[in-house]
Every structure is written in structure tokens, then in C-alpha cells.
Amino acid sequence: MPRLIRAALEKAGVEGAGRVSSGVDVVGDIAIVRLAGFTPREKAKVADAILEEMRNVKVVMEQEGGIEGEFRLRKLVRLAGEARTTTVHRENGCSFMVDVEKAYFSPRLSTERLRIARLVGRDERVLNMFAGVGPFSVLIAKVSGARVTSCEMNEVAADLHEANDRLNKVDGLVTVVRGDAASLPGSLRERFDRVLMPHPSEADKYLRGAIEMTKGTGTIHYYRHVLGEDEGEAKGALRRELRRLLPAGARYKSRRVREVGPRWVEMEADIRLAAREGKDRRARKGATPT
């Protein structure tokens, strides 16, 4: 049980810490909690206690259910604080305007975003197939100076992405493409040194398109939610999926990113494609973990 929730429950005089399904997500000055099973009065007490414990928090929202829909949104109910869903979130030296109700954003991926940004070379061309408000893309451009093409189908998120490009002074390096990532292979002529796929619930549906848009021996960062009691079991599930989806000669290294639910783990694979001869090599066997 995270220290903050425990302290808030104690301050509010509310018993039942075991009923809290997760910790607190703090996006800018908005705290998001899950309090299923608590009464409305208990929720209000906990929210007020969080405002007292965290002086930088101005809004407390309850998340009901999971991340849902094609835009991966949270269903939120305000418990305490100011009546707004917009904020400015700061991480890794960047600032991001976010609407927590209308655009997907996870503060828990801050370390992962920095890891990826540090891998990118200045001369690379990068494609982010699921860009959201731009946290991966902006940081990559800022850290590496590389040019990034970002795809986002949520118009609210795309608007915020472009605003965040300007806010962080990388609008000359980042291009936002509005639309479904499935249409990218037919609409973009360019091929990329590095392709990001941070859509772990549906990335498998788009992997073929990502392969088409990746240069010869380029890299794909593939994120997936998989079932697994431990990291070994999760890696096994991911390995079986990639053997089915990747072309011959592709190699990859997989790693655990975070736990996302009971027995569910977010995994990431750094996929290196083999040099391709001819226009199309899509054999579905032979992907090799390294």
C-alpha cells in the first residue's frame, strides 16, 4: 500500500486500506485514485486528506474502471478540489499540457520515456504510431535533436501535442499526423530508423504496418500487456506472440516495464529487423530472442 494512500486514510479516519486497488497517479496538480468499495462520504474524506497531504495537488479525481475505448480514456469523477480536468505535467525537463479526461496520459512511464529518448541518435528519423499528447515524441526531439513524426487519432490529444511541441520548443522537429495508425503505411512514403508502438493493448494489430515503415535494420519498440505470474512467464507469452508475427531473421530483447493489474504485466520488446531484400519479406517464423 503506497505511503500516501495509507497516510490519507489514517488522516481521514477511514479503515480498509486493503480495499484500495492501486496507488495514486499524479498528473500535474491532479491526483487520480481508485476507491471502489468506499462510501461517498469515505471517498470525500480521503480526497480532502490527499489535498492536505500533497500541497501541490489541487484536484482529486476517482477513476472508475480501467482505461477504455479507442482513445484509451479514463472515466473520472471529481472528489475534491478545483472543477477542471486540465493541468500541466512536468517530467524529464519537459512540460506537457494534459486533459486527463479527454486524452490518454500515464505518469508511470516517465522512466521508460527517458530510456527510449537516450537511445535515439541525432540523425535518426523516428515514427511514434500512438503519440497521445506527445510525451515520447517531445522528449526524444528535445534530448536527441532527431526528427519525429507523431500519429494521433484523438483530435483533443493531437491539439495538445502540437501545443506541447511549441511549449517545449521542438515544433521544428516534430510533425503531428492526425488519423489512424493503420493508414500510415499507405499515406507516408518515408521509412524510419526507429518506430515506437506504445499502445500495449492493441499493438499486435499494427505490427505488420510498423515493419513496412521501418528501414532495413531499423528498430521497433513494441509494447504489450501479457499475462504472467512472473517476468519469466510474461516473457514466454510475448515470445510466442512475436514468433508468430515477426519476419524471418528479426531479433529482439524483451523486458518488463511495469505491472498493470493482477497477473498482467506490460512488456516491451526492442525489435531489430534483418536487412530485407526485395519489396516484401513477411515470413512468420524465425524471430529470435537475444
Checked pairs for segment 47-60, first free of Cβ contacts under 8 Å to residues at least 40 places away in the same chain, second surrounded by fewer than 17 Cβ atoms within 10 Å (Cβ to Cβ), C-beta under 6 Å and 6 or more apart or across chains, list as K58/E82; V59/E82
Which members of segment 34-92 meet the condition of being assigned to a strand (DSSP E or B) and of a type in the set (A, V, I, L, M)? V59, V60, M61, I67, L73, L76, V77, L79, A80, V88
For residues in segment 144-165 being of a type in the set (G, A, S) and farther than 22 Å from M213 by Cα, which is nearest to the chain's Cα centre (by Cα)? A157
Answer with yes or no whether A234 is hydrophobic (A, V, I, L, M, F, W, C), more than 21 Å from L109 (Cβ to Cβ) and either free of Cβ contacts under 8 Å to residues at least 24 places away in the same chain or in contact with a Gly (Cβ under 6 Å, 6 or more places away or on another chain) (or both). no
So L127, is it at pLDDT 95 or above, surrounded by 17 or more Cβ atoms within 10 Å (Cβ to Cβ), part of a strand (DSSP E or B) and in the same structural domain as P40 (by TED's automatic domain parsing): no
Could you tell me whether A141 is over 15 Å from the mean Cα position of the chain (by Cα), among the hydrophobic types (A, V, I, L, M, F, W, C) and surrounded by fewer than 20 Cβ atoms within 10 Å (Cβ to Cβ)? no
Counting only residues that are surrounded by 15 or more Cβ atoms within 10 Å (Cβ to Cβ) and acidic (D, E), which one in segment 37-83 is nearest to K102 (Cα to Cα)? E62
Of all residues in segment 158-198, which are closer than 23 Å to G216 by Cβ, in a helix (DSSP H, G or I) and in contact (Cβ under 8 Å) with a residue 40 or more places away in the chain? A181, L184
Only one of V14, V77 is farther than 14 Å from P107 by Cβ, at pLDDT 90 or above and out of contact with any Leu (no Cβ under 8 Å at 6 or more places or on another chain), namely V77
Whichever residue in segment 203-260 is within 20 Å of V120 (Cα to Cα), of a type in the set (F, W, Y) and under 19 Å from the mean Cα position of the chain (by Cα) and, among such residues, is surrounded by the most Cβ atoms within 10 Å (Cβ to Cβ): Y222
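The values are calculated or read from the model by the stated rules, or taken from the named source; none is laboratory data. Quantities reported herein were computed from a predicted structural model and do not represent experimental measurements. All Cβ positions, even for glycine, are placed from backbone atoms using ideal geometry, and neighbour counts span all protein chains on display.
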